[in-house]
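First the structure, in the form of structure tokens, and then the observations on it.
The values are calculated or read from the model by the stated rules, or taken from the named source; none is laboratory data. The structure presented is a predicted model; accordingly, all values stated were derived computationally and were not measured. Glycine gets a Cβ as well: all are built from the backbone with ideal geometry, and neighbour counts include every protein chain shown.
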Amino acid sequence: MSERYLITPMRNKMERFSGLGVDKTENGTILYGRAPFLGEKAYLHTIYSPLTSEEIDTLEKQIGRKLPGQLADFYRECNGLHYFIDTLTFYGLRSKSGRGADAFYQPYDLRTPNIEERIRVAGDEIIFFAWYDWDGSFVYTKTNDSRIFFCKNDSVTPLKEWSSLRDFLVEESERISSLFDASGRLIDESASTLPA
């Protein structure tokens with residue numbers, strides 16, 4: 001698989017906001033599109049540095065599940081990301097705690113939806129790896145299935161599915177980007193940002 005194959009659709013959309021500003025932190029986090037209307041240091045997009053094989057092993061141990069190939073490939077390309085602030089957010093490995101810059105620029109912890117706040121009826125094969133800020137809905141895959149599923153935050157009943165992580169990233173990068181204007185503001189703040 002070529003480098004950044006999976007995240008290319010989303011990263012290309014992020015890079016379109018480079019004219020608004022780009023920053024790179026000491027830990028390799030890249031921030032695209034300054035958004036002063038959200039806060040002095042706010043950016044529209046955040047993408048975290050890729051994980052090593054050892055860090056992916058750590059992530060699997062932390063959640064007690066083996067990552068399916070396409071999800072492991074995703075983490076080899078980036079350790080999670082925030083797309084249009086938190087419209088769609090991918091969890092990842094948090095390796096530092098505290099209040100310093102390195103601790104701040106980390107993804108939300110993959111343990112949270114898979115261990116600490118796991119939906120009670122979720123089978124062992126389910127891995128939650130992303131969420132939507134509109135209502136806290138989740139995105140998940142299964143250890144033995146390449147499909148990607150969208151569900152509410154209290155049920156694993158699929159509301160939508162995609163045949164692969166690549167298909168999910170392509171479709172969602174297009175759909176979500178169409179909801180925002182050139183400055184990164186929602187075109188219609190009352191409209192849902194969830195998949196239909």
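Observations, loosely collected:
- The single condition among (1) of a type outside the set (A, V, I, L, M, F, W, C); (2) crowded, with 19+ Cβ neighbours inside 10 Å; (3) not in a loop (DSSP other than H, G, I, E, B) that Pro107 does not meet is (3).
- Restricting the stretch 144-187 to residues that are in a loop (DSSP other than H, G, I, E, B) and touching a Pro at 6+ places or on another chain (Cβ under 8 Å) leaves a set whose member that is surrounded by the fewest Cβ atoms within 10 Å (Cβ to Cβ) is Asn144.
- Scanning the stretch 110-143 for residues that are of a type in the set (Ser, Thr, Tyr) and not in a loop (DSSP other than H, G, I, E, B) yields Thr112, Tyr132, Tyr140, Thr141.
- Enumeration of residues in the stretch 15-52 that are among the polar types (S, T, N, Q) and farther than 14 Å from Gly92 by Cα: Ser18, Thr25, Asn27
- Applying a threshold of 6 Å to beta carbon distances and a minimum spacing of six or more residues, or different chains, the list of pairs starting in the stretch 1-20 at a residue that is modelled with pLDDT of 95 or more and ending at one that is among the polar types (S, T, N, Q) and in a helix (DSSP H, G or I) reads Met10/Ser173; Lys13/Ser173; Lys13/Ser177.
- Residue match in the stretch 39-51 (condition: buried (at least 17 other Cβ atoms within 10 Å of the Cβ), under 18 Å from the mean Cα position of the chain (by Cα) and touching a residue at least 60 places away in the same chain (Cβ under 8 Å)): yes
- Any hit, the stretch 76-99, residues being in contact (Cβ under 8 Å) with a residue 12 or more places away in the chain, assigned to a helix (DSSP H, G or I) and farther than 23 Å from Glu174 by Cα: no
- Selection of first residues in the stretch 120-138 that are farther than 13 Å from Tyr83 by Cβ and of second residues that are of a type in the set (Asp, Glu) and not in a loop (DSSP other than H, G, I, E, B), restricted to Cβ pairs under 9 Å at least 6 apart or on distinct chains, gives the following pairs, ordered by first then second residue: Glu125/Asp145.
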